[in-house]
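A short worksheet on the structure shown next.
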Amino acid sequence: MFAWFERRIDPYPDQPPVMPPAGLWRFVLHYCRGSVLWLCLLAIGSGLIALVEVMLFGWLGEMIDRLSDTPRDLFWAQEGGRIAMMAVVLLAVVPLLNVLSALILHQSLMGNLPQRVRWQAHRWLLRQSVGYFQDEFAGRIAQRLMQTALAVREVAMKIMDVGSYVLIYFLGAMVLAASQDWRLAMPFLIWALSYAALLWQIVPRLGRVAQAQADARSAMTGRIVDSYTNIATVKLFSHSDREERWMRDGMDGFLRTVHAQMRLSSLQDIVLNLLNVWLVASVAGLGLWLWTQGDIAVGAVAVAVPLALRLNNMSHWIMWEFAALFENIGTVRDGITSLSLPREVRDAPDAQPLRAGPAQISFDKVTFRYGGGGAVGAPMAVLDDLTLHLRPGERVGLVGRSGAGKSTLINLLLRFHDIQDGRITIDGQDIGHVTQDSLRAAIGVVTQDSSLLHRSVRDNIAYGRPDATEDQIQDALRMAEAQGFVPELSDSAGRRGLDAHVGERGVKLSGGQRQRIAIARVALKDAPILVLDEATSALDSEVEAAIQSRLEVLMQGKAVIAIAHRLSTIAAMDRLIVMDRGRIIEEGTHADLLTQGGLYSRLWHRQSGGFLAADDPEP
């Protein structure tokens, strides 16, 4: 039975992820698709339970009147059928409604609905542009994803469950009181209007505070994650006290929102208690006065006073439920700011997979600037009308000082950003009109900061080729000169060798070990285009010399673009491209460029230990 209800909602829908709407209710509805039927059944069940409870109060009043009017020896004969019907409702109908509501609530909705939101939102975020993640704390994004999923569930369920119950109960209570005497319904009506006014004034403010609190909480979490992720830097600079102050500033921002929330909560409780005391006193007093006037029977008083006491008890619960509703609405609004954002880089509507070819790469009059187009006041172009053609199988080295545009050129080839002008083609195919997944599948990249996934060494190496055999993984290890240290690795769970986990971003490995695992990963991927961005910068000279010969094998038959500040590592490339301020100012072989006496020649002769000096003069 439990399993049947648990399978009613699919927590992992297969539909392609789409950007959620930015409007609150459309956002909630977007993520509740697939759950609407069960939310409606939950609302119907809650409404029926509320209706039955009010009816039982009415029957109780009638029963009291019957007890006072009916002789004892005739009571069961006259009232037995009515009592039997009440027993069936109380002992069978109410438990059945509660069982069905509990199964729908706990089995169908509580777990599956937020998981469905997490799944869909995570799939959307995974496909966001690189720039999106560069602008935010990773911890903050994760926090917003998790708390928004729960908030969407709470908003949907409180409206359908609590909202239905409260509406039916209030209406039923007033109708029942009015059926005894219309004057007896007036205290309930006045209380309901005052209660609604209190909700109208307090609860939206709680929602706004909750939105600010959700933002402050995610910012606080982001600061914590940032400190823990960079704990080595914190310790190296002995900045624990500084981190404490920075963290306290974030915590203070969160605490201020908590204090604002608690002030509103206290005000809400004080006013609500006054309203409740007035309701019970006015209903009891009016009921007794009407009875002494002979306008109502004793059963009416027996109905009205318990109803007032019941609403007195319910009102606090209802207020907190509505306050929680608006708090969750605030959390959802905060989540919308992160989730309802378009992708900066999107596949064209007619995008096709990249067709395999000899890997001829062309940059045709490419202009790119971070931050968009060329309006007045826009940032200076990082690449300015750049043209570069790579022949199939050609190995090209990019040279230039930091900021010359080398890494940007690589990022544009990978289509991490869209260019403002010009076009980039591979085998004649404009990369703006092929799918991003197929484009990046054709390019293997090793960067100077090769972070690894917090998974096993095997998973990291086989990441670009999940179906790789054990022999292929071992070949990749040998190619990257990693066969010596990998068998010696272990983790806290006792896993060893290829099964050992490497820690967040690979922190359990040295820089050189991470680099060799990254090289093994790209070797196993065996893409037709190879990008080496300071690929051997973290290696010592002995290991680098051993790997250079292996890289020569890896580069055979591939189009290669290599970046290195240590010019000796790329001097043997087929062609060297010298860049400065987003333009190509020199190109040729190493020998050609030395004879030209230009920037490359000066950089070569000014190197210390084979690296570009940071203060090389302007050309």
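The values are calculated or read from the model by the stated rules, or taken from the named source; none is laboratory data. Keep in mind it's a predicted model, so treat the numbers as computed, not measured. No Cβ is skipped: glycine too gets one built from the backbone with ideal geometry, and neighbour counts run over all protein chains shown.
Taken as a whole, the condition of being more than 25 Å from L37 (Cα to Cα) and within 16 Å of the chain's Cα centre (by Cα) applies to Q143. Looking at D364, is it charged (D, E, K, R), surrounded by fewer than 17 Cβ atoms within 10 Å (Cβ to Cβ) and in a helix (DSSP H, G or I)? Answer is no for this residue. Taking residues in region 170-196 that are among the acidic types (D, E), and partners anywhere that are part of a helix (DSSP H, G or I), the pairs with Cβ atoms closer than 8 Å and at least 6 places apart or on different chains are D181/L290; D181/A300. Looking at Y228, Y195, just one residue is buried (at least 20 other Cβ atoms within 10 Å of the Cβ) and on the phi < 0 side of the Ramachandran plot, and that residue is Y195. Among the criteria (1) out of contact with any Lys or Arg (no Cβ under 6 Å at 6 or more places or on another chain); (2) at pLDDT 85 or above, the one S402 does not fulfil is (2).
Taking F57 as the residue in question, decide whether it is in contact (Cβ under 8 Å) with a residue 12 or more places away in the chain, at negative phi and surrounded by 14 or more Cβ atoms within 10 Å (Cβ to Cβ). So that I can check it myself, show each step before the final result.
Details: in contact (Cβ under 8 Å) with a residue 12 or more places away in the chain: yes; at negative phi: yes; surrounded by 14 or more Cβ atoms within 10 Å (Cβ to Cβ): yes.
Yes; evaluated as a whole, the condition is true for this residue.
Scanning region 455-474 for residues that are more than 12 Å from R514 (Cα to Cα) and either in contact (Cβ under 8 Å) with a residue 12 or more places away in the chain or crowded, with 21+ Cβ neighbours inside 10 Å (or both) yields R455, S456, R458, A462, Y463, G464, R465, A468, Q472, I473. Taking E6 and the conditions (1) assigned by TED's automatic domain parsing to the domain that holds I329; (2) in contact (Cβ under 8 Å) with a residue 12 or more places away in the chain, which numbered condition does it fall short on, given that it satisfies the others? Evaluating E6 over (1) assigned by TED's automatic domain parsing to the domain that holds I329; (2) in contact (Cβ under 8 Å) with a residue 12 or more places away in the chain leaves (1) as the failure.
Here H30 meets each of (1) farther than 30 Å from E344 by Cα; (2) surrounded by 15 or more Cβ atoms within 10 Å (Cβ to Cβ); (3) of a type outside the set (A, V, I, L, M, F, W, C) with one exception, condition (1).
Quick check on V303: is it among the hydrophobic types (A, V, I, L, M, F, W, C), surrounded by 19 or more Cβ atoms within 10 Å (Cβ to Cβ) and over 30 Å from M146 (Cα atoms)? Yes: the conditions hold for V303.
Condition check for M314 on (1) at pLDDT 80 or above; (2) within 16 Å of L176 (Cβ to Cβ): one failure, at (1). Evaluated against (1) within 19 Å of M86 (Cα to Cα); (2) under 49 Å from the mean Cα position of the chain (by Cα); (3) not polar (S, T, N, Q), W38 falls short on exactly one condition, (1). Within region 200-213, track down each residue that is small (G, A, S) and over 10 Å from F254 (Cβ atoms). If the condition is that a residue be small (G, A, S) and over 10 Å from F254 (Cβ atoms), then G207, A210 are the ones that fit.
Picking from residues in region 475-514 that are touching a helix residue (DSSP H, G or I) at 6+ places or on another chain (Cβ under 9 Å) and among the polar types (S, T, N, Q), the one that is modelled with the highest pLDDT is S490.
Restricted to region 9-47, and to residues there that are part of a helix (DSSP H, G or I) and free of Cβ contacts under 8 Å to residues at least 24 places away in the same chain, the residue that is nearest to L96 (Cα to Cα) is L37.
Let me confirm something: among A300, A308, which residue is farther than 26 Å from Q143 by Cα, touching a Pro at 6+ places or on another chain (Cβ under 8 Å) and modelled with pLDDT under 80?
On the way: A300 fails: touching a Pro at 6+ places or on another chain (Cβ under 8 Å).
Result: A308 is the single residue among A300, A308 that is farther than 26 Å from Q143 by Cα, touching a Pro at 6+ places or on another chain (Cβ under 8 Å) and modelled with pLDDT under 80.
V543 meets each of the listed conditions (1) surrounded by 15 or more Cβ atoms within 10 Å (Cβ to Cβ); (2) modelled with pLDDT under 85; (3) in the same structural domain as L414 (by TED's automatic domain parsing) apart from (3).
Residue by residue, here is whether (1) hydrophobic (A, V, I, L, M, F, W, C); (2) within 20 Å of L532 (Cα to Cα) holds:
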site	(1), (2)
S402	no, yes
R415	no, yes
R423	no, no
D427	no, no
L439	yes, yes
R455	no, no
N460	no, yes
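Where helices (runs of 4 or more DSSP H) fall wholly inside region 61-151, the ranges with 2 or more residues that are more than 30 Å from S340 (Cβ to Cβ) are 75-88, 94-102. Selection within region 231-248: residues that are modelled with pLDDT of 80 or more and over 28 Å from S451 (Cβ atoms). The member of this set that is surrounded by the most Cβ atoms within 10 Å (Cβ to Cβ) is R248. Flag not set for V93, criterion: of a type in the set (V, I, T) and without any contact (Cβ under 8 Å) to a residue 40 or more places away in the chain.
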